[in-house]
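A short worksheet on the structure shown next.
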Amino acid sequence: MVKYSSSLKAKIVGEYLQGNISAKGIAEKYYLPRRQVAHWIQRYRLSGVDSLKRRNVKREFSAEFKLDVIDYYQTHDESQSEVAAKFDLIPCQISIWRTTFNREGILGLKPRPKGRPTKMKRNKKQLRQLVNKSEVERLREELAEKNKDLYDTKLERDILKKSVTLFGP
(Lines give C-alpha, C1' and ligand atoms only; values in the text may rest on other atoms or scores of the structure.)
Protein backbone atom coordinates (compact mmCIF):
# COMPACT_ATOMS: atom_id res chain seq x y z
CA MET A 1 0.00 0.00 0.00
CA VAL A 2 1.46 3.31 -1.10
CA LYS A 3 1.28 6.14 1.41
CA TYR A 4 0.89 9.59 -0.02
CA SER A 5 2.00 12.77 1.69
CA SER A 6 -0.54 15.12 3.19
CA SER A 7 0.70 17.97 1.00
CA LEU A 8 0.07 15.95 -2.18
CA LYS A 9 -3.44 15.08 -1.01
CA ALA A 10 -4.16 18.75 -0.19
CA LYS A 11 -2.77 19.86 -3.57
CA ILE A 12 -4.97 17.38 -5.45
CA VAL A 13 -8.11 18.28 -3.50
CA GLY A 14 -7.34 21.98 -3.99
CA GLU A 15 -7.05 21.51 -7.76
CA TYR A 16 -10.37 19.67 -7.82
CA LEU A 17 -12.12 22.37 -5.76
CA GLN A 18 -10.96 25.07 -8.18
CA GLY A 19 -13.31 23.40 -10.65
CA ASN A 20 -11.07 23.44 -13.71
CA ILE A 21 -10.51 19.69 -13.87
CA SER A 22 -12.45 16.55 -12.90
CA ALA A 23 -11.32 13.87 -10.43
CA LYS A 24 -10.61 11.55 -13.35
CA GLY A 25 -8.48 14.20 -15.05
CA ILE A 26 -6.51 14.81 -11.84
CA ALA A 27 -5.97 11.07 -11.41
CA GLU A 28 -4.59 10.82 -14.95
CA LYS A 29 -2.45 13.92 -14.47
CA TYR A 30 -0.74 12.55 -11.33
CA TYR A 31 -0.85 8.87 -12.39
CA LEU A 32 -2.99 7.91 -9.39
CA PRO A 33 -5.97 5.58 -9.09
CA ARG A 34 -9.23 7.44 -9.77
CA ARG A 35 -10.88 5.88 -6.74
CA GLN A 36 -8.10 7.12 -4.48
CA VAL A 37 -8.54 10.70 -5.66
CA ALA A 38 -12.32 10.46 -5.28
CA HIS A 39 -11.82 9.06 -1.77
CA TRP A 40 -9.62 11.99 -0.75
CA ILE A 41 -12.15 14.46 -2.12
CA GLN A 42 -15.00 12.76 -0.26
CA ARG A 43 -13.04 12.68 3.01
CA TYR A 44 -12.22 16.36 2.62
CA ARG A 45 -15.87 17.21 2.08
CA LEU A 46 -17.00 15.19 5.10
CA SER A 47 -14.25 15.99 7.61
CA GLY A 48 -12.17 18.86 6.33
CA VAL A 49 -8.41 19.22 5.97
CA ASP A 50 -7.58 17.16 9.05
CA SER A 51 -8.85 14.02 7.33
CA LEU A 52 -6.03 14.27 4.78
CA LYS A 53 -3.29 14.13 7.43
CA ARG A 54 -1.63 10.88 8.36
CA ARG A 55 -1.84 9.64 11.92
CA ASN A 56 1.36 8.56 13.62
CA VAL A 57 -0.36 6.89 16.55
CA LYS A 58 -2.36 3.68 16.50
CA ARG A 59 -5.70 4.34 18.13
CA GLU A 60 -7.53 1.84 20.30
CA PHE A 61 -11.26 2.09 20.85
CA SER A 62 -13.26 0.87 23.83
CA ALA A 63 -16.14 -1.54 23.44
CA GLU A 64 -18.56 1.20 24.53
CA PHE A 65 -17.35 3.55 21.79
CA LYS A 66 -17.68 0.82 19.16
CA LEU A 67 -21.18 0.02 20.38
CA ASP A 68 -22.13 3.71 20.23
CA VAL A 69 -20.90 3.95 16.63
CA ILE A 70 -22.81 0.81 15.61
CA ASP A 71 -25.94 2.07 17.34
CA TYR A 72 -25.65 5.49 15.68
CA TYR A 73 -25.16 3.91 12.26
CA GLN A 74 -28.19 1.65 12.64
CA THR A 75 -30.54 4.29 14.05
CA HIS A 76 -29.68 7.20 11.73
CA ASP A 77 -30.18 7.32 8.01
CA GLU A 78 -26.56 8.04 7.09
CA SER A 79 -23.99 6.16 5.03
CA GLN A 80 -20.97 4.48 6.54
CA SER A 81 -18.76 7.22 5.11
CA GLU A 82 -20.79 9.94 6.80
CA VAL A 83 -20.83 8.12 10.14
CA ALA A 84 -17.11 7.43 9.83
CA ALA A 85 -16.45 11.11 9.16
CA LYS A 86 -18.57 12.11 12.15
CA PHE A 87 -16.63 9.80 14.50
CA ASP A 88 -13.26 10.27 12.72
CA LEU A 89 -12.95 6.65 11.60
CA ILE A 90 -12.29 4.65 8.47
CA PRO A 91 -15.61 3.51 6.94
CA CYS A 92 -14.62 -0.17 6.82
CA GLN A 93 -14.15 -0.17 10.61
CA ILE A 94 -17.88 0.30 11.12
CA SER A 95 -18.63 -2.68 8.89
CA ILE A 96 -16.06 -4.85 10.69
CA TRP A 97 -17.40 -3.86 14.10
CA ARG A 98 -21.01 -4.59 13.03
CA THR A 99 -20.08 -8.02 11.71
CA THR A 100 -18.11 -8.85 14.85
CA PHE A 101 -20.93 -7.63 17.08
CA ASN A 102 -23.50 -9.73 15.21
CA ARG A 103 -21.29 -12.82 15.40
CA GLU A 104 -19.78 -12.58 18.91
CA GLY A 105 -21.79 -9.96 20.75
CA ILE A 106 -20.32 -7.31 23.06
CA LEU A 107 -17.36 -9.53 23.99
CA GLY A 108 -16.18 -9.44 20.38
CA LEU A 109 -15.86 -5.66 20.53
CA LYS A 110 -13.53 -5.64 23.53
CA PRO A 111 -9.86 -4.94 22.70
CA ARG A 112 -7.59 -7.97 22.71
CA PRO A 113 -3.82 -8.26 22.59
CA LYS A 114 -2.56 -8.86 19.07
CA GLY A 115 -0.33 -11.70 17.92
CA ARG A 116 0.68 -14.97 19.47
CA PRO A 117 1.47 -15.34 23.15
CA THR A 118 5.19 -15.25 23.80
CA LYS A 119 6.96 -18.54 24.29
CA MET A 120 9.82 -17.03 26.30
CA LYS A 121 8.09 -15.66 29.34
CA ARG A 122 11.06 -13.91 30.94
CA ASN A 123 14.25 -12.41 29.65
CA LYS A 124 17.69 -13.58 30.77
CA LYS A 125 18.15 -10.96 33.48
CA GLN A 126 14.82 -11.85 35.08
CA LEU A 127 15.70 -15.55 34.89
CA ARG A 128 19.04 -14.94 36.64
CA GLN A 129 17.29 -13.02 39.40
CA LEU A 130 14.72 -15.76 39.61
CA VAL A 131 17.45 -18.41 39.87
CA ASN A 132 19.15 -16.44 42.67
CA LYS A 133 15.87 -15.93 44.46
CA SER A 134 14.78 -19.46 43.79
CA GLU A 135 18.04 -20.76 45.28
CA VAL A 136 17.35 -18.90 48.52
CA GLU A 137 13.70 -19.96 48.42
CA ARG A 138 14.69 -23.55 47.72
CA LEU A 139 17.01 -23.56 50.71
CA ARG A 140 14.28 -22.08 52.91
CA GLU A 141 11.80 -24.70 51.74
CA GLU A 142 14.38 -27.43 52.33
CA LEU A 143 15.00 -26.12 55.84
CA ALA A 144 11.28 -25.97 56.54
CA GLU A 145 10.90 -29.56 55.30
CA LYS A 146 13.78 -30.73 57.53
CA ASN A 147 12.25 -28.94 60.53
CA LYS A 148 8.91 -30.60 59.83
CA ASP A 149 10.57 -34.03 59.57
CA LEU A 150 12.43 -33.38 62.83
CA TYR A 151 9.18 -32.37 64.54
CA ASP A 152 7.41 -35.49 63.25
CA THR A 153 10.24 -37.74 64.47
CA LYS A 154 10.24 -36.13 67.91
CA LEU A 155 6.47 -36.51 68.07
CA GLU A 156 6.72 -40.22 67.17
CA ARG A 157 9.44 -40.72 69.76
CA ASP A 158 7.33 -39.03 72.45
CA ILE A 159 4.33 -41.18 71.53
CA LEU A 160 6.43 -44.35 71.71
CA LYS A 161 7.79 -43.34 75.12
CA LYS A 162 4.28 -42.69 76.44
CA SER A 163 2.99 -45.97 75.05
CA VAL A 164 5.89 -47.88 76.64
CA THR A 165 5.20 -46.30 80.03
CA LEU A 166 1.48 -46.93 79.77
CA PHE A 167 1.46 -50.46 78.34
CA GLY A 168 4.86 -51.64 79.36
CA PRO A 169 7.70 -53.05 77.30
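If you count only protein heavy atoms with a 1.4 Å probe, what accessible area per residue comes out for the chain, rounded to a whole Å²?
Numbers: 13890 Å² over 169 residues.
With all protein chains present, the chain gives 82 Å² per residue.
Less than 21 Å apart at the alpha-carbon level, and either on another chain or at least 8 residues along: which lysines does that give for K29?
K3, K9, K11
At a 1.4 Å probe, what is the % contribution of carbon and sulfur to the accessible area of the chain? Show your work: numbers first, answer last.
Details: 7520 of 13890 Å².
Using a 1.4 Å probe with all protein chains present, the chain comes out at 54 percent carbon and sulfur.
List the relative contact order of the chain as a percent without decimals, with contacts defined as Cα pairs under 8 Å and 6+ residues apart. Show your work: numbers first, answer last.
Values: 83 pairs, mean separation 23.7, N = 169.
Relative contact order, the chain: 14 percent.
Could you report the accessible area of L150 in Å², rounded to 10, computed with a 1.4 Å probe on the protein chains as they sit in the structure?
Approximately 90 Å² for this residue.
The values are calculated or read from the model by the stated rules, or taken from the named source; none is laboratory data. Just so we're clear, the structure is a prediction, and the values are computed from it rather than from any experiment. Side chains included, ligands, DNA and RNA excluded: accessible areas come from the protein's heavy atoms. Shrake-Rupley method; radii C 1.70, N 1.55, O 1.52, S 1.80 Å.
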